[in-house]
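Below is one structure, written out as structure tokens; the observations come after it.
The values are calculated or read from the model by the stated rules, or taken from the named source; none is laboratory data. Given the structure is predicted, the values throughout are model-derived calculations rather than measurements. For neighbour counting, all protein chains shown are included, and Cβ atoms are generated from backbone atoms with ideal geometry for every residue, glycine included.
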Amino acid sequence: MAQLPPITISTLDLARLEALLDKQPDSETVRRLEDELERAQVVTPENMPGNIVTMNSVIRFSMAGGDTFTKTLCFPRDIDGSKDKISVLAPIGSALLGLEAGQSIEWPGPNGKTLTVTIAEVEYQPERAGDFQS
């Protein structure tokens with residue numbers, strides 16, 4: 001099995017995600033997110049590096065060939081049908097949490113193909129903006 005990349009999360013996100021998981025029925029997705037939280041380095045929001053994907057971050061991705069797209073990592077309550085939002089409870093959402101700009105991730109593409117995309121930039125991160133209420 002490939003070694004998982006290191007991840008960092010804030011104490012604020014950890015508390016909110018643990019409260020969310022306490023209300024979820026047991027599933028593979030819930031267990032995957034619990035595993036991510038257990039292996040994460042945890043820091044205070046004020047000490048979160050600005051290039052890390054946290055909850056409510058806006059992330060710009062790049063693909064081979066130069067195409068880019070942008071998504072926001074959200075709590076399930078904030079998903080409003082927008083194609084630009086990803087729930088942290090989606091497999092790709094839990095995989096994004098705690099990664100940093102420059103890291104790559106496999107993304108489910110059209111026709112069942114898996115694409116490798118790179119986190120080009122964390123365009124907005126609540127902690128970097130001093131927004132600890134999101």
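Yes or no: the stretch 109-132 includes at least one residue that is part of a strand (DSSP E or B), under 23 Å from residue 25 (Cβ atoms) and of a type in the set (D, E, K, R). Outline the logic, then answer.
Narrowing the stretch 109-132 to residues part of a strand (DSSP E or B): 114-124.
Narrowing the set further to residues that are under 23 Å from residue 25 (Cβ atoms) leaves none.
No, the conditions are met nowhere in the stretch 109-132.
Could you say whether any residue in the stretch 83-95 is part of a strand (DSSP E or B) and within 16 Å of residue 7 (Cα to Cα)?
Of the stretch 83-95, the ones part of a strand (DSSP E or B) are 85-87.
Narrowing further to those that are within 16 Å of residue 7 (Cα to Cα): none.
Scanning the stretch 83-95, I find no residue that is part of a strand (DSSP E or B) and within 16 Å of residue 7 (Cα to Cα), so the answer is no.
Among the residues in the stretch 21-43, are any at positive phi and modelled with pLDDT under 90? Steps first, answer last, please.
Here is the first cut: in the stretch 21-43, the residues at positive phi are none.
No, every residue in the stretch 21-43 fails to be at positive phi and modelled with pLDDT under 90.
Applying the selection to the stretch 25-41, what residues are closer than 20 Å to residue 7 by Cβ and either in contact with a strand residue (DSSP E or B) (Cβ under 6 Å, 6 or more places away or on another chain) or among the polar types (S, T, N, Q) (or both)?
Taking the stretch 25-41 first, the residues closer than 20 Å to residue 7 by Cβ are 28-41.
Correct list: 29, 40, 41.
Output the number of the condition that residue 57 fails; it satisfies all remaining conditions of (1) free of Cβ contacts under 8 Å to residues at least 24 places away in the same chain; (2) crowded, with 20+ Cβ neighbours inside 10 Å.
(1)
Tell me which of these residue 66 doesn't satisfy, since it passes every other one: (1) on the phi < 0 side of the Ramachandran plot; (2) out of contact with any helix residue (DSSP H, G or I) (no Cβ under 8 Å at 6 or more places or on another chain).
(1)
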